[in-house]
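Written below as structure tokens is the structure these notes are about.
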Amino acid sequence: LNITKNESADIIRTVRGIRKLLDGEKASLPPGVEIIYSSDESKTVVARFNIVMSNGATGLLLVIVMLTLFLNFRTALWVAMGIPVTLMGVFAMMPLFDAHLDSMTLSAMILVLGILVDDAIIISENITRRVEQGDDPITAASEGTGEVFLPVLTTVLTTFFAFVPMFFMPGVMGKFVYLIPLVISLSLFISLAESCFVLPAHLVHGLKKSRRIGKRVEKGRFFEMFQHLFERALFLILKMRYACVPVFIGVMVIIFLYAFTRMDFILMPASGAERFIITMQLPIGSSVRATSDKISAIEDLIKTLGDNELASFVTRIGQGLSLTEQGEYYGYIDVRLTPFGTRQR
């Protein structure tokens with residue numbers, strides 16, 4: 001029984017409903033008959049959901065830890081909050097563009113998670129710097145944000161324009177690929193808005209509550225111990241700038257030459273595959289029984305993989321992968337493996 005959902009149906013809820021329905025029918029099955037699930041496409045979506053959640057949680061933790069070392073805990077907490085706020089904003093905006101949560105949009109979220117807090121870090125650091133110099137919290141927030149707004153906007157636009165060409169990819173592939181720049185663009189601009197208008201207000205509230213902000217910030221300036229070494233290295237590079245430029249160009253050329261001559265381009269690497277398909281075509285005129293006998297021998301080989309590697313497989317006789325391949329001498333087996341991270345090969 002091959003079950004296909006319609007376009008607007010939630011694949012995760014659909015699969016859960018099917019399993020719940022069929023699990024209730026297992027008691028009424030005749031002896032020797034059992035229900036086996038295969039080709040569950042919702043597992044891919046669930047796996048990407050889990051990646052987004054784990055990456056988001058890891059990002060929150062790392063941002064809080066690092067900014068606490070360099071600035072202070074209150075600032076770090078509000079900067080980190082930009083990650084869930086931006087993701088929720090993307091979830092809210094996607095239906096306006098007829099986009100929904102699927103493997104493609106979740107992949108785009110995984111891609112953009114690492115750059116969501118860049119704007120917030122720049123703005124929060126500049127506000128903190130102005131408070132250290134003696135500005136009151138409101139002045140530091142308003143003027144500190146204004147000072148770095150254009151550079152922050154530039155970083156957002158350069159990333160946005162890098163993905164703009166993907167909006168114009170033609171054909172069926174273009175209909176799938178456009179979801180990646182859409183999610184990335186929404187994430188960038190929602191993050192920019194949150195950093196420029198929401199974050200400063202939260203920081204002002206925290207700065208007003210703390211009368212010892214100067215001491216707390218000074219204690220949090222962990223990176224000052226490295227500042228002297230950084231300044232010396234920077235001045236040295238600037239003095240030798242005419243020598244540094246050709247060195248960096250030479251290194252870049254060597255890297256590109258190595259990439260083009262030594263590295264192979266593989267669009268879909270097989271090392272992480274969780275599915276493979278075996279196709280079979282017997283001589284024209286072969287009977288269904290002959291095809292079945294041959295494909296049964298292949299099934300016996302597949303079963304030797306064991307439960308730790310083999311999740312399930314589905315066999316079809318009388319048809320190939322293409323709808324034009326019809327006949328008693330065609331057959332194929334769709335084999336699903338266990339998740340790549342749980343097996344040795």
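The values are calculated or read from the model by the stated rules, or taken from the named source; none is laboratory data. Treat the numbers as computed from the prediction; the structure is a model and nothing was measured. Heads up, the Cβs are rebuilt from the backbone with ideal geometry, glycines too, and the neighbour counts pull from every protein chain shown. Note: accessible area is taken over every heavy atom of the protein model, side chains too, but ligands, DNA and RNA are not part of it. Shrake-Rupley method; radii C 1.70, N 1.55, O 1.52, S 1.80 Å.
Here is a check on your reading of the model: is ASP98 open to solvent by less than 80 Å² (accessible area, probe 1.4 Å) and among the charged types (D, E, K, R)?
Answer is no for this residue.
Take the residues in the stretch 294-345 that are closer than 23 Å to THR44 by Cβ and acidic (Asp, Glu), then tell me which one is modelled with the lowest pLDDT.
Per the criteria, the residue is ASP307.
Report yes if GLY214 is modelled with pLDDT of 90 or more, open to solvent by less than 80 Å² (accessible area, probe 1.4 Å) and in a helix (DSSP H, G or I), otherwise no.
No, not satisfied.
Could you please find all residues in the stretch 1-22 being open to solvent by less than 100 Å² (accessible area, probe 1.4 Å) and not acidic (Asp, Glu)?
ILE3, LYS5, ASN6, ALA9, ILE11, ILE12, THR14, VAL15, GLY17, ILE18, ARG19, LEU22
Any chance the stretch 25-33 includes a residue that's open to solvent by 80 Å² or more (accessible area, probe 1.4 Å), closer than 23 Å to PHE91 by Cβ and assigned to a helix (DSSP H, G or I)?
no
Between a residue in the stretch 129-145 that is within 16 Å of HIS202 (Cβ to Cβ) and any residue that is assigned to a helix (DSSP H, G or I) and open to solvent by 70 Å² or more (accessible area, probe 1.4 Å), which pairs come within a Cβ distance under 6 Å, given they are 6 or more apart or on different chains?
PRO137/LYS208
Sort out for me the helices (runs of 4 or more DSSP H) sitting completely within the stretch 75-139 that have 3 or more residues that are among the hydroxyl-bearing types (Ser, Thr, Tyr) and under 14 Å from the mean Cα position of the chain (by Cα).
Ranges flagged: 103-112.
Inside the stretch 1-29, can you point out the residues that are over 19 Å from ALA99 (Cβ atoms) and among the small types (Gly, Ala, Ser)?
GLY17, GLY24, ALA27, SER28
For (1) closer than 22 Å to ALA80 by Cβ; (2) surrounded by 15 or more Cβ atoms within 10 Å (Cβ to Cβ), each residue gets a yes or a no:
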residue: SER107; (1), (2): no, yes
residue: GLY134; (1), (2): no, no
residue: THR155; (1), (2): yes, yes
residue: LYS175; (1), (2): no, no
residue: LEU182; (1), (2): no, yes
residue: SER185; (1), (2): no, yes
residue: PHE189; (1), (2): yes, yes
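Being modelled with pLDDT of 85 or more, of a type in the set (A, V, I, L, M, F, W, C) and in contact with a Leu (Cβ under 6 Å, 6 or more places away or on another chain) narrows it down to one of ILE35, ILE18, so name that one.
Unique residue meeting the criteria: ILE35.
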